[in-house]
Amino acid sequence: MKKPFYKKIWFWLIIIIVLGGAGAAGTNKKDKDDIVSVERPEKTELGTETQKSSSASEASTQKNNEPTINEMTLFDADGVKCIAKGIKNDKIWGYGIDVEIENTTDKNIIIQCDATIVNDYMIFDIFSCDVAAGKKAKDTIKLSSNELNAAGIDNIGKVEIYFKILDPDTFSTIKKLDPVTIKTSSFSDMDTTADIGGKTLYDENGIKIVGRYVDNNSFWGAGICLYIENNTDKNLIITAEDVSVNGYMIDGHLYCDIYAGKKAVDDIAFMSSKLEENGITSVDDVELCFEFMDDDYNIEKTDVIKFSTK
């Protein structure tokens, strides 16, 4: 399954350059609607998730104790070595891991991440490092501050990274590296409790999807914020199919790449142009099916799920 354009590194680099980070400002609460009712298969019980709470003093303490890491080798394979030098919290980019890469081969390469996982949450990263033959390079693996905030992560305890080496001429994968885990100084205080509220849309076969809220003024136009757990032993790609909004069929863009045993916060995005074409000013009633595909291309599809904000 081809990854949609809005999940690719080049697209977000353009967005960041054009908007200068304006998108990080967020959305007003008045533009968000809670999901109040759900219709789904009877064997799945409807539940309301409990939100974790923390005192103002705890939040202040976490803010004043930024995580640190010890210098460590992330991988050393086939003439390519990557060392983590530190973690920083940049005012513009947010958290990032500084790395130094040495390429002792006779070929130019690109190093990227297949996945980054923070405190067991799938988190989007911006990282693509070109290293010429026989040279070294320094770069930063930037972690999406929006996704960290959406997941309720305010103290980074661990970061799991799946690196890959690419050919810069063909962009084909030369090698995928074994995953590596970086534990920070906040590891012992790491909180992986789900900081969510909303209604359970699906909870079967080790997969749980919670509808948190509907944002009628998101970056794209409108979006449905989801909390997702993959408690199976397989990596999955989750998409939304046969989507209708207020009775009109409309493309709902969801591409959630979630690894086994991990969690994610993602959105079903609706383009403003499509909403306008159908005269939709707010997302009130939604019908859809979720589709799950594993690494072996086995596909499962849910029954129709209906939910409403009214």
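Condition check ((1) of a type in the set (A, V, I, L, M, F, W, C); (2) within 21 Å of residue 114 (Cβ to Cβ); (3) at pLDDT 95 or above) across all residues:
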residue: 235; (1), (2), (3): no, yes, yes
residue: 258; (1), (2), (3): yes, yes, yes
residue: 268; (1), (2), (3): yes, no, yes
residue: 275; (1), (2), (3): yes, no, yes
residue: 288; (1), (2), (3): yes, no, yes
residue: 291; (1), (2), (3): no, no, yes
residue: 302; (1), (2), (3): no, no, yes
Problem - Selected residue (criterion: surrounded by the most Cβ atoms within 10 Å (Cβ to Cβ)) from residues of the range 112-147 that are more than 18 Å from the chain's Cα centre (by Cα) and more than 19 Å from residue 94 (Cβ to Cβ) - result: 131
Completion exercise
Subset of the range 201-234, residues in contact with a Phe, Trp or Tyr (Cβ under 9 Å, 6 or more places away or on another chain), on the phi > 0 side of the Ramachandran plot and outside any strand (DSSP E or B), comes to 205
Problem - Filter result for the condition that a residue is assigned by the TED database to the domain that holds residue 275, touching a Leu at 6+ places or on another chain (Cβ under 7 Å) and surrounded by fewer than 21 Cβ atoms within 10 Å (Cβ to Cβ), over 211, 206, 221 - result: 221
Problem - Residue under evaluation residue 233, criteria (1) surrounded by fewer than 18 Cβ atoms within 10 Å (Cβ to Cβ); (2) assigned by the TED database to the domain that holds residue 131, criterion not met - result: (2)
Exercise for the section: Filter the range 183-218 down to residues that are among the β-branched types (Val, Ile, Thr) and farther than 25 Å from residue 283 by Cβ and give me whichever is farthest from the chain's Cα centre (by Cα). Expected result: 184
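The values are calculated or read from the model by the stated rules, or taken from the named source; none is laboratory data. Please read all numbers here as calculations on a predicted model, not as lab measurements. Methodologically, a virtual Cβ is constructed for each residue, glycine included, from the backbone with ideal geometry; neighbour enumeration extends over all protein chains shown.
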